[in-house]
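Here the structure comes first, spelled out in structure tokens, and everything after it is commentary.
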């Protein structure tokens, strides 16, 4: 009897240890799954609620309702990401202009399309995330994704927010895109930016703190960094979707990019010595604010740089380069291409 009792106690002890191990590894597994979980945050349900109240009101009332109901719930995001941290008179002017443009053209049918597109976009984001994971399995953490009315700021972009880089998609712009392959390429392009800049998050946190935004990064890191960053995303997206349109580029401009490459690249190198937002728009904006520069030449220049550097370095190596090294490598590579042209 005593032996049987000892055996029973031993079995209970072993079962207890096994249970503790199971709980431990279960918690560990759960945490890993949670850390790898794709996070998609949509503002569209709140926007649809706002629109039910605002749709039949005059423009001024729509804007007031937007500010007091919808934007009030997401003020931190809009202030930091869409309005780029502006304040005072600059913020009032920019916000007023954006809201007037947005609500002057918005119709019920557009809002209905946004509601339908939101469901499709969530599915496409998940598919794009899976494609990125297959290509870059070593990067475990994807950026957070936001779906919202961007006030015609962008169909998709990456911005610093809460000391990390997030991806957002402007749904009212995306509903105008009919080519699904172009939307898929855009999602991977922007998601790759999130992965790439996520590798540099410590650098940006140390050097910018809470003050990072598009304007500050352009001013401090310069046009070469943006050309490299965009070229890297164009190249990586092409690796994943080789037959899709090159997201970021204006493909009908490629012949013009190449025909005038020597002149355009020289002008870019001259302009990059002093970076500001006007020069950024010249090479990366749509439309370019200079009629002599084909739209988004900066993307093509960066893509050409990556096509040269990939002969010696992997995408993963280049993703880890801090802006100072990026600028050095990009400058040497462009100068080499110009000497060979």
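No lab work stands behind these numbers, since they all come straight from the coordinates. As the structure is a prediction and not an experimental result, all values here were calculated from the model. Here the Cβ positions follow ideal geometry from the backbone for every residue, glycine too, while neighbour counts run over all protein chains shown.
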**Complete:** For 261, 226, ascending order of other Cβ atoms within 10 Å (fewest first) is 261, 226
**Message:** Nearest 500 deg cm²/dmol is fine: what mean residue ellipticity at 222 nm does the chain get from its DSSP H runs of n ≥ 4 alone, each adding -39,500 (n - 2.57), divided by its residue count?
**Reply:** -21000 deg cm²/dmol
**region 38-125: relative contact order in percent, alpha carbon pairs under 8 Å with at least 6 residues between** = 34 percent
**Message:** Ranking request for peptides 47-55, 185-193: highest mean number of other beta-carbon atoms within 10 Å first, then the rest in descending order.
**Reply:** 185-193, 47-55
**Request:** Taking the chain as the reference, fit the longest principal axis to its C-alpha atoms, fit the long axis of helix 88-105 to the helix C-alpha atoms, and give the angle between the two in degrees, 0 to 90, nearest 10.
**Result:** 90 degrees
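Would you list 332, 167 from fewest to most Cβ contacts within 10 Å?
Listing 332, 167 from fewest to most nearby Cβ atoms yields 332, 167.
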**Asked** For region 215-340, what class follows from the C-alpha gyration tensor (a ≥ b ≥ c being the square roots of its eigenvalues): rounded when a/c is under 1.5, otherwise prolate if a/b is larger than b/c, else oblate?
**Response** rounded
**Prompt:** Using 0.36 nm per residue, how much length does the chain from residue 206 to residue 97 gain when fully extended, once their Cα-Cα distance is taken away?
**Reply:** 35.8 nm
**Request:** Report the antiparallel proportion of the DSSP beta bridges in region 89-239 as a percent, rounded to a multiple of 5.
**Result:** 55 percent
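Pull out a ≥ b ≥ c, the square roots of the eigenvalues of the alpha-carbon gyration tensor of region 40-207, then state rounded if a/c is under 1.5, prolate if not and a/b is larger than b/c, and oblate in the remaining case.
Oblate shape, in that a/c is at least 1.5 and b/c is the bigger or equal ratio.
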**Item:** Simple label model, 7 Å out from Cα along Cβ direction - residue 179 to residue 314, nm
**Value:** 3.2 nm
**Prompt:** Among the DSSP beta bridges whose two residues both lie in the chain, what percent are antiparallel, rounded to the nearest 5?
**Reply:** 40 percent
**Prompt:** Which whole-number percent gives the relative contact order of region 215-340, counting Cα pairs below 8 Å spaced six or more residues apart?
**Reply:** 37 percent
**Prompt:** Using a Gaussian network for the chain with springs between C-alpha atoms less than 10 Å apart, which of these wobbles most: 206, 254, 147?
**Reply:** 206
**Degrees between helix 297-309 axis and first principal axis of the chain (Cα, 0 to 90, nearest 10)** = 60 degrees
**Complete:** The exposure ranking of 150, 216, fewest beta-carbon neighbours within 10 Å first, is 216, 150
**Message:** If I model a spin label as a point 7 Å beyond the Cα along the Cα-Cβ vector, how far apart are those points for residue 105 and residue 127 in nm?
**Reply:** 2.7 nm
**Item:** Relative contact order computed over the chain (Cα-Cα under 8 Å; 6+ residues apart), in percent
**Value:** 15 percent
**Item:** Degrees separating the helix 2-36 axis from the principal Cα axis of the chain, which is the longest one
**Value:** 10 degrees
**Fill in**
Subtracting the Cα-Cα distance of residue 152 and residue 61 from 0.36 nm times their residue separation yields 30.8 nm
**Prompt:** What shape does the chain have by the C-alpha gyration tensor, where a ≥ b ≥ c are the square roots of the eigenvalues, rounded means a/c under 1.5, and otherwise prolate means a/b greater than b/c and oblate the rest?
**Reply:** oblate
**Fill in**
The simple spin-label model distance between residue 339 and residue 69, using points 7 Å out along Cα→Cβ, in nm, is 6.4 nm
**Prompt:** Of the residues 162, 179, 271, which exhibits the maximal mean-square fluctuation in a Gaussian network model of the chain defined by a 10 Å Cα contact cut-off?
**Reply:** 179
**Request:** Give the distance, in whole Å, between the Cα centre of region 201-246 and the Cα centre of region 145-196.
**Result:** 14 Å
**Message:** Considering only C-alpha atoms, what is the centroid distance from region 35-86 to region 309-341, in Å?
**Reply:** 40 Å
